[in-house]
Every structure is written in C-alpha cells, then in structure tokens.
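Chemist: Handing you a structure now.
The values are calculated or read from the model by the stated rules, or taken from the named source; none is laboratory data. As the structure is a prediction and not an experimental result, all values here were calculated from the model. Using ideal geometry, Cβ is built from the backbone for each residue, glycine included, and neighbour counts are taken over all protein chains shown.
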Amino acid sequence: MVTFEDPAVLGDFMDSMYDQPMEYKIDSTGRPVYRCHNDFGPLRKLRNIPKIVDFGLSTRLDGEDDSGVYPIQPDHYRAPEVILGCGWRMGADIWNLGVLIWDIVDGKELFRQVHDTKGSYDAKTHLAEMIALLGPPPLALISRIQSMAGYKWPESIKREDGELCESAAQYFGGPFFDKDGKFLHEDLIPNRKLEDTLPSLEEKERENFLSFAKLMLAWLPEERLAARELMEHPFLRLK
C-alpha cells in the first residue's frame with residue numbers, strides 16, 4: 001500500500017467534492033457506489049513510503065532449504081508448482097510478483113480464466129492459460145510432478161466447498177498431465193499470446209517490459225531471478 005505524501009491532499013480532495021461531487025450509482029441493496037478516483041495531482045513532497053501488508057495470509061518456511069506443500073496464494077497469482085503439488089519455496093513469491101505487475105502496468109489481470117461459471121477456482125483452466133502464454137512446461141517439471149504422485153500431506157485440509165483433501169491433486173482436481181507430459185485438457189487452451197496482453201504499451205516499451213516479466217514467469221522456480229537480480233533490469237532504471 002502507498003500512503004499520501006501530505007495529509008492536506010485528502011482535505012483538499014474533500015473540499016473539491018463540494019464544488020464538483022463525485023459520480024456514483026446505487027447498487028441493488030440501495031448502497032451508493034462511487035466512481036474510482038486515482039489522480040490526486042503531482043506529488044507535493046518527496047516522501048511517499050510503500051508499506052507491505054497482508055501478512056495474515058503469509059506462510060512461513062523455517063529454513064532456506066525447506067519446501068511448502070499446502071496451497072498458498074490468491075487464485076489469479078498462484079504459482080504452477082503450488083497447483084501441481086511438487087513443492088514450493090521462495091520462488092513462488094517471484095511468480096506472484098511477475099503476475100501482479102500486469103495489474104500495475106495495464107490495470108488488468110494477466111490470467112483471466114481461473115474461475116468456473118460458479119466462481120470457484122478452476123486449476124485446469126488456469127494451467128491451460130499458462131500454457132497458452134508461456135508454452136508447455138519443461139520435462140524437468142513434469143518429472144517432479146510424477147515423482148510426487150501419490151504423496152499425501154501430513155494433515156488433510158478442507159477445500160472451500162468443504163471437501164477434506166489429503167493431496168494437491170485432490171485439492172486442485174488433478175492430475176493434469178499424462179506420463180509423457182501431455183496436458184490432459186488441451187481443448188481448454190485459449191488462443192492468447194503473452195505479447196498481445198499489453199496493447200497500451202508501445203512496441204519497444206512492451207518488449208522491455210516482457211523481457212523483465214519473463215524472468216519471473218518461468219515454469220521452473222529455480223529459473224526465476226531473485227529480487228536482487230531483478231532490480232538490475234533496464235525496465236526498472238529511471239531514465
């Protein structure tokens with residue numbers, strides 16, 4: 001989250017609402033829903049410190065060599081190793097960041113087909129979209145998936161629908177690949193390309209952005225760059 005650099009910004013905004021009230025609509029419950037306002041003018045002070053929040057949803061790993069097995073992350077930002085149940089580590093956070101920057105730059109989520117018609121998470125359609133945008137997973141990842149087949153969690157957990165699950169395959173509805181690495185739901189792969197997801201950017205800027213994003217959106221966690229390495233990328237350098 002980002003705070004206002006000067007408390008007077010909010011006061012001035014409220015005063016302006018008397019002269020020009022913000023547009024709103026009334027929802028089905030009779031509650032007013034106001035139009036989003038995201039332009040408060042140029043910075044008044046060079047003090048605007050970001051704050052990291054949402055620690056209530058964080059998951060702790062006790063050591064650098066530890067791996068997690070239970071489901072983590074919001075639906076749209078879930079890393080493939082989490083869905084496929086082959087163990088996740090800090091690299092899952094880098095994937096999360098790689099997906100999140102689409103929201104920041106384009107104002108739209110990168111992955112659009114992660115829910116079914118009832119609004120429940122659908123892992124197979126999510127993976128299908130990953131394949132469309134990033135290509136099929138490497139055989140090294142398929143091998144890890146197969147090596148974890150049959151693995152059961154130390155403790156069962158409840159899914160949103162109340163079903164008690166004892167493995168990632170049961171929780172997410174797998175398996176998703178056969179023994180040769182073929183995706184079992186190819187009919188769900190959409191006709192989308194990663195290069196077509198940012199129509200608002202000019203060609204050169206889009207290329208620079210995608211070269212940065214691809215360093216985070218790798219199927220194999222160890223192929224994703226660490227945060228320190230990502231900071232050296234030209235996309236983050238001020239001109």
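Chemist: So which residues in the range 61-79 are touching a strand residue (DSSP E or B) at 6+ places or on another chain (Cβ under 9 Å) and farther than 20 Å from Val114 by Cβ, if there are any at all?
Modeler: Passing the criteria: Leu61, Ser67, Gly68, Val69.
Chemist: Follow-up question, since we're still on this one. I need the full set of residues from the range 143-153 which are at negative phi, without any contact (Cβ under 8 Å) to a residue 24 or more places away in the chain and not in a helix (DSSP H, G or I), in order please.
Modeler: Within the range 143-153, just Lys152 meets the criteria.
Chemist: A further question follows. Only one of Tyr151, Tyr171 is modelled with pLDDT of 90 or more, farther than 20 Å from Leu127 by Cα and of a type outside the set (A, V, I, L, M). Can you tell me which?
Modeler: Exactly one of Tyr151, Tyr171 is modelled with pLDDT of 90 or more, farther than 20 Å from Leu127 by Cα and of a type outside the set (A, V, I, L, M), namely Tyr151.
Chemist: On to the next question. What's the total number of residues in the range 1-45 that are of a type in the set (A, V, I, L, M, F, W, C), more than 30 Å from the chain's Cα centre (by Cα) and in a loop (DSSP other than H, G, I, E, B)?
Modeler: Summing the residues that are of a type in the set (A, V, I, L, M, F, W, C), more than 30 Å from the chain's Cα centre (by Cα) and in a loop (DSSP other than H, G, I, E, B) in the range 1-45 gives 1.
Chemist: I'd like to verify a number: residues in the range 172-204 that are over 22 Å from the mean Cα position of the chain (by Cα) and closer than 23 Å to Gly107 by Cα, how many?
Modeler: 3
Chemist: Moving on to the next point. Of all residues in the range 46-76, count the ones that are surrounded by 10 or more Cβ atoms within 10 Å (Cβ to Cβ), among the charged types (D, E, K, R) and under 18 Å from the mean Cα position of the chain (by Cα).
Modeler: Residues meeting the conditions: 1.
Chemist: What are the residue pairs meeting all of these: first residue in the range 89-109, first residue over 14 Å from Glu229 (Cβ atoms) and in the same structural domain as Leu198 (by TED's automatic domain parsing), second residue of a type in the set (Asp, Glu) and in a helix (DSSP H, G or I), Cβ atoms under 7 Å, and 6 or more apart or on different chains?
Modeler: As it stands, the answer is Ala92/Glu81; Glu109/Asp103, since those pairs meet every condition given.
Chemist: Return the residues of the range 109-142 that are in a strand (DSSP E or B) and under 17 Å from Asn96 (Cα atoms); say none if nothing qualifies.
Modeler: Tyr121
Chemist: Can you find even one residue in the range 74-84 that is of a type outside the set (Lys, Arg) and assigned to a loop (DSSP other than H, G, I, E, B)?
Modeler: Pass one, the range 74-84, residues of a type outside the set (Lys, Arg): 74-77, 79-84.
Still in the running and assigned to a loop (DSSP other than H, G, I, E, B): 74, 79.
The answer is yes, given that some residue of the range 74-84 is of a type outside the set (Lys, Arg) and assigned to a loop (DSSP other than H, G, I, E, B).
Chemist: So the check is Cβ under 8 Å with 6+ separation or different chains; which pairs have a first residue in the range 200-221 that's outside the structural domain of Val82 (by TED's automatic domain parsing) and farther than 21 Å from Tyr77 by Cβ and a second one that's of a type in the set (Lys, Arg) and part of a helix (DSSP H, G or I)?
Modeler: none
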